[in-house]
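What follows is a short report on a single structure.
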Amino acid sequence: MKKRFLPPKKRLQSVNEEQVLPIVEKKEVLPPEQRNKYLLIFDLNGTLLLRKSNKKYLRSNLNPFISECFKIADIAIYTSMLQKNIDLSPIFTKEQQELLMFVWDRSKTIPDVKGTFAWDTLKDLSEVKDTYNYEKIILIDDSPNKTRNIDPKEVLICSSFTDINEPEDFL
C-alpha cells in the first residue's frame, strides 16, 4: 500500500482569495520619484510559488513580503513559464497587478543551448535596461543556471521553494 504525503494543515498554503492582502495605502508607499529608482523583477515558480499536481502553493508570508516590496520599488515578473500557465491572482491583488511594470513569460527568454533539457532557458536583462530607466535592477530567481549570463550584482538567488512545509519564517 502506497503512503500518501499529507502535509500539516497549518503550513499547507493552497491558493485562495482570502490569502491575498490588499495593496498598501498610498501614504505608506514611497513617492514614485523615489520608488522608481529601483526595479525588483521576480521569477514565479520556485521563487514565489510552487506548482505541484496542478495546484499552486504560495510561499509562507509571501503577501506581506510583496506588499513591503511595493513600498520600496517598482515590481515586475520574468518567468520561464508559458504564458498560458501564468496566474498572478494568488500573489498580487488586482491593484498590485496594475502596478507591475511588466510580466514576461518564456517568450522573453533565450534557449539554453548548454541546458540539459530542450525547454531550458536563460534570462536576459538587456531589453529591460534599454526600455526602463532605473538606478538599480535586481532579478530575484531560484535558478542560477537561468541567470548565469546576468551581472551578479543584478541577481539575487533565493532558495528554491520545493517543499510546502518550508519554515514559516523562511521568507
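Under the Karplus relation 6.51 cos²θ - 1.76 cosθ + 1.60, θ = phi - 60°, what is the ordered set of whole-Hz ³J(HN,Hα) values for region 115-120, x standing for Gly and Pro?
Result, rounded to whole Hz: x, 6, 10, 4, 8, 5.
Longer than 31 Å from Cα to Cα, which of LYS55/LYS108; LYS94/LYS123; LYS56/LYS146; LYS52/LYS146; LYS94/LYS114 are they? Say none if no pair is.
Result: LYS94/LYS114 exceed 31 Å.
If you average the alpha carbon positions of region 123-164 and of region 30-99, how far apart do those two centres end up, in angstrom?
14 Å
Which value, in debye to the nearest 20, gives the size of the charge dipole of region 93-171 about its Cα centre, when Lys and Arg are +1 and Asp and Glu are -1 at the Cβ?
Roughly 380 debye for region 93-171.
In vacuo Debye scattering of region 42-171, one point per C-alpha: log10 I(q)/I(0) at q = 0.09, 0.15, 0.18, 0.23 Å⁻¹?
-0.25, -0.74, -1.10, -1.76
Keeping the other protein chains in place, figure out the carbon and sulfur percent of the accessible area of region 72-136, with a 1.4 Å probe.
50 percent
Which order do peptides 65-72, 140-147, 43-50 fall in by mean Cβ count within 10 Å, highest first?
Those peptides, ordered most packed to least, come out 43-50, 140-147, 65-72.
Provide the per-residue ³J(HN,Hα) series for region 140-155, in order, calculated from phi with Karplus coefficients 6.51, -1.76, 1.60 and θ = phi - 60°, each as a whole number of Hz, with x at glycine and proline positions.
Rounded to whole hertz, the list is 9, 8, 9, 10, x, 5, 6, 10, 5, 8, 9, 3, x, 6, 10, 10.
The values are calculated or read from the model by the stated rules, or taken from the named source; none is laboratory data. The shown structure was predicted, so the numbers you read here are calculated from the model rather than taken from an experiment. Because the Cβ atoms are built from the backbone with ideal geometry, glycine has one as well, and the counts that use them run over all protein chains shown. With ligands, DNA and RNA removed, areas are computed over all heavy atoms of the protein, side chains included. Shrake-Rupley method; radii C 1.70, N 1.55, O 1.52, S 1.80 Å.
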